[in-house]
Structure formats: C-alpha cells, structure tokens
Amino acid sequence: MGPPPPPPRNPLTVLGLTGRQWMVVALVVGCCYLVTTGIAMTGAWTTYNREPTNAELQVAANKEVARRWQAWPASRIFPERIPYRPVGDHTEYASRTGIVPETRCDQAVDEEIALTLGKHGCRAVLRATYVDQLQGVVVTIGVVAFPDPWKADRAYKELPGSQGPDKGKGSVKPALLAAAFPGTASAKFTDEARQDRTSDRGGPYVVLTTSGQADGRPASEIKKARPGEPFAVAPQIGHAVARSLSAKALPDCDDPEWQC
C-alpha cells in the first residue's frame, strides 16, 4: 500500500491568508455590499419621493385630458346652460334638453362621417341637445373622442365644414345625427330638419354640431335663407365644450384621479 493521501489544504493557506486576515477581507466585502445596498435603497427612495419633472407633469396632464370623456360625468361635459352671443353685444344662454346614452361612433353620425372617424380610431361619440334662449333653434352637439390629439386633428381635417341649407336636396349630409327629446323644445328635431353643421377641435376631441329649427320643418322646405345668422349659437356652444374638455389642469399627483 502506498502512503496515505495528504490532508486537504486549508483554502486560507492556498490564498496565502491567515484566519485573521481572511476575517478582515470578509468584513470589508460585507461592508461593500451593505454600502451598495444602502445607496440603491436611498436612490429608490429619492426617486419615489422626489417632485415630478415638468415632462412627467405634461404626460400626466395629457393623460387626464384624454380620459375626460370617460371620467367626467355627462353633466360636466354638457353643462345645463352655455352662454353665447347672438347678433349684438348681449349674452344669451342655450339650455340643454337631454343627453344621449348611446356612445357608439357608428350610431351618432351619417355613414360617410362614420368611416372617417373609424379610420382614425374613434373611441366614442357623446351627444347632447340644446335650444337657444328663444327656443327657436335646436342644436345637437357631439363630442368625438380619439386616442390622441394627432389622430383627432387628422380626422378633423377630413370632415366637411359648416354649410347652410341644401335647398331642394333634403337635409344637410353628411353630419352629426339629430337627437330629439320628447316633452322639450327639441322634440321635433329630426335628421330631415338639419340645416347647418359645424366642427371644432380641442386636444384629442373633435366637436360636431348639427342645427335646425324647433318647429321641425324639413330643410328641403326652406326656400330662402333666414336673415342674420340663425344658427350662430351652434359653433359657439361647440367651441365652449371643446375648450372645456381640452383645457389642461395643473396635475395633483396625490389625487388618485391623476397618473403622474
């Protein structure tokens, strides 16, 4: 039998370190890990608790605006009364007669417009109807929600602009569909009574209006233009709604409604 195998060598000896020296190395390495972990935790705490940057606030503001069609109550999107100025310097108020519960894009506008809205990612169309102060003009207003301002702008540029009665051709088309509410001054407003249409834009929203007379007379029966601007109320209340929906608020990152 040969000589017995040599005993295993102490790894400390292999490294040329004594036990005391190895203990010192272990303590140094451990301290390094603790320092690194502390720095990482401090950085994470600082990042979490720091004030948001201007860029982050801008992103949060844009997100809040884009969610308003879902987050705001309908009565906030469509106030009960909206001021406007008819011909002259005095202020009058358009009154809301009702809000349409249906929000599908293809059920709120004529087919030609529905194709344009769908092509650019229409999410919903919110509609309400107003009458002017004298209750002689009815206006249905539609808020079209898009994913972002750029898609809204492209859709807006492809939509037909305002125009007066299509004499002898029936109602104004393509346009936002009329919404009548029984028991109100808008009860007789139908698609055939549409005589005017407008469009406006604010942020990720396009705001459409369609107008007619409260007596419900078909546009095809209008033989001559009415004096003045009978439908001047429409673009004014459309612009008021577009401005309200798209106005950016100062983000409050402590409020769960915001995503900072």
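The values are calculated or read from the model by the stated rules, or taken from the named source; none is laboratory data. Here the structure is a predicted model, which is why all the values come from computation and not from measurement. Because the Cβ atoms are built from the backbone with ideal geometry, glycine has one as well, and the counts that use them run over all protein chains shown.
Data for the structure
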quantity: Every residue from region 73-82 that is out of contact with any Leu (no Cβ under 8 Å at 6 or more places or on another chain), surrounded by 20 or more Cβ atoms within 10 Å (Cβ to Cβ) and either in a loop (DSSP other than H, G, I, E, B) or not assigned by TED's automatic domain parsing to the domain that holds G183 (or both); calculated: none
quantity: Members of region 117-151 found to be surrounded by fewer than 24 Cβ atoms within 10 Å (Cβ to Cβ) and over 25 Å from F231 (Cα atoms), listed by number; calculated: G118, K119, H120, G121, R123, A124, P147, D148, P149, W150, K151
quantity: Options E102, E158: the member that is touching a Ser or Thr at 6+ places or on another chain (Cβ under 6 Å) and among the acidic types (D, E); calculated: E158
quantity: Lone qualifier among W45, W69 - being assigned to a helix (DSSP H, G or I) and at pLDDT 95 or above; calculated: W69
quantity: Filter result for the condition that a residue is at pLDDT 85 or above and among the acidic types (D, E), over D255, D215; calculated: D215
quantity: Any chance S171 is modelled with pLDDT under 95, within 16 Å of E112 (Cα to Cα) and small (G, A, S); calculated: yes
quantity: Candidate set: region 230-248, residues that are surrounded by 18 or more Cβ atoms within 10 Å (Cβ to Cβ) and assigned to a loop (DSSP other than H, G, I, E, B); chosen: the one modelled with the lowest pLDDT; calculated: P230
quantity: Pairs where the first residue, in region 113-126, is on the phi > 0 side of the Ramachandran plot and the second is among the charged types (D, E, K, R) and assigned to a helix (DSSP H, G or I), C-beta under 9 Å, 6+ apart; calculated: G121/K151
